[in-house]
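Encoded as structure tokens, the structure appears first; notes follow it.
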Amino acid sequence: MTAHSVNSTKTGAPKTRGGLHRKVVDHLAMQIIGGEFVAGQSLPVEADLCEAMGVGRSSVREAMRVLADKGMVVVRPRTGARVLERASWRRLDPDLIGWMLKAGADREFLADLVEARRIVEPAAAALAAERASGADLARIDTALDAMRRALPESGNKRDVIAAVEADVAFHKAVLVASGNSVLEEFEIIIDAALRAAFRLSTEMSHSFAPTISAHVNVYEAIRMRDAAGAQSAMTGLLNMAAKDLGLDAEK
């Protein structure tokens, strides 16, 4: 691939987040995920990338290190960077999840995310019902109130962006309330997944009332210390999200 083709990508101009090397990372990652570079194919040489993207060698080298850490490429002296098979990718990496969803993740990947959430979050909700402190309950309730404000039952003043933020906050608060430090680490992964998947499901949902009601059911079961009820309510909530995404019949 030539330097010119590196600069013209289907994903559009990359955005700089956290420095010039981040610009290169985002750009190349989206090209790899989009299939413009396939497994076994070498990326353009360092000089071509610098010229095409208007960055220095240090930015390109740092970007390659980041992509290598995520299992997307292998970098060797003289031969440069080569794209690895998807089986080598760090699929739970938050950046990778975000890139996959931004690129228009295939149904299999979305179904995998839903399946993972169905395994983790109902168990976290059950633990939260047993362990949540008063502060934990307050955080969950605050997120729920924010959802209600963003998605009123009547009127047209629905704020999808605010709803996504509140939805993310709700699920993160449940994870924290589980009192399990390992489950809390899923917060980063779920954050990346929910910001894309919930944006889709919220926009596709025909009625916001059932969405709010499902979250209320989770909260009330946790508040009442009903572990089985919290687990069941969270499963129901995730089933609703899967249906909105058209994944209810999958997995």
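For Val66, work out the one condition from (1) under 17 Å from Arg22 (Cα atoms); (2) open to solvent by 50 Å² or more (accessible area, probe 1.4 Å); (3) modelled with pLDDT of 95 or more it doesn't fulfil.
(2)
Looking at Val160, Val164 in this structure, which one is without any contact (Cβ under 8 Å) to a residue 40 or more places away in the chain and closer than 17 Å to Ala241 by Cα? Before the answer, list the steps.
Working: Val160 fails: without any contact (Cβ under 8 Å) to a residue 40 or more places away in the chain.
Going through Val160, Val164 in turn, the sole match is Val164.
Is it the case, given these coordinates, that Arg107 is modelled with pLDDT under 95, under 29 Å from Ile32 (Cα atoms) and more than 23 Å from the chain's Cα centre (by Cα)?
Numbers: modelled with pLDDT under 95: yes; under 29 Å from Ile32 (Cα atoms): yes; more than 23 Å from the chain's Cα centre (by Cα): no.
No; evaluated as a whole, the condition is false for this residue.
Within the range 119-129, does at least one residue satisfy the condition of being assigned to a helix (DSSP H, G or I), among the β-branched types (Val, Ile, Thr) and in contact with a Phe, Trp or Tyr (Cβ under 9 Å, 6 or more places away or on another chain)?
Here is the first cut: in the range 119-129, the ones assigned to a helix (DSSP H, G or I) are 119-129.
Cutting the leftovers down to among the β-branched types (Val, Ile, Thr) gives us 119-120.
Checking which are in contact with a Phe, Trp or Tyr (Cβ under 9 Å, 6 or more places away or on another chain) leaves us with 120.
Yes, the conditions are met somewhere in the range 119-129.
Considering only residues that are modelled with pLDDT of 85 or more and farther than 20 Å from Glu115 by Cβ, look in the range 181-210 and name the one that is most open to solvent (accessible area, probe 1.4 Å).
Ser181
Select from the range 90-134 the residues that are acidic (Asp, Glu) and open to solvent by 20 Å² or more (accessible area, probe 1.4 Å) and list them in ascending order. If you could, list the steps in order and put the result at the bottom.
First, pick out the residues of the range 90-134 that are acidic (Asp, Glu): 93, 95, 106, 108, 112, 115, 121, 130.
If the condition is that a residue be acidic (Asp, Glu) and open to solvent by 20 Å² or more (accessible area, probe 1.4 Å), then Asp93, Asp95, Asp106, Glu108, Asp112, Glu115, Glu130 are the ones that fit.
The values are calculated or read from the model by the stated rules, or taken from the named source; none is laboratory data. Everything quoted here is computed from the prediction, not taken from an experiment. For neighbour counting, all protein chains shown are included, and Cβ atoms are generated from backbone atoms with ideal geometry for every residue, glycine included. Ligands, DNA and RNA are excluded from the accessible area calculation, which covers all protein heavy atoms including side chains. Shrake-Rupley method; radii C 1.70, N 1.55, O 1.52, S 1.80 Å.
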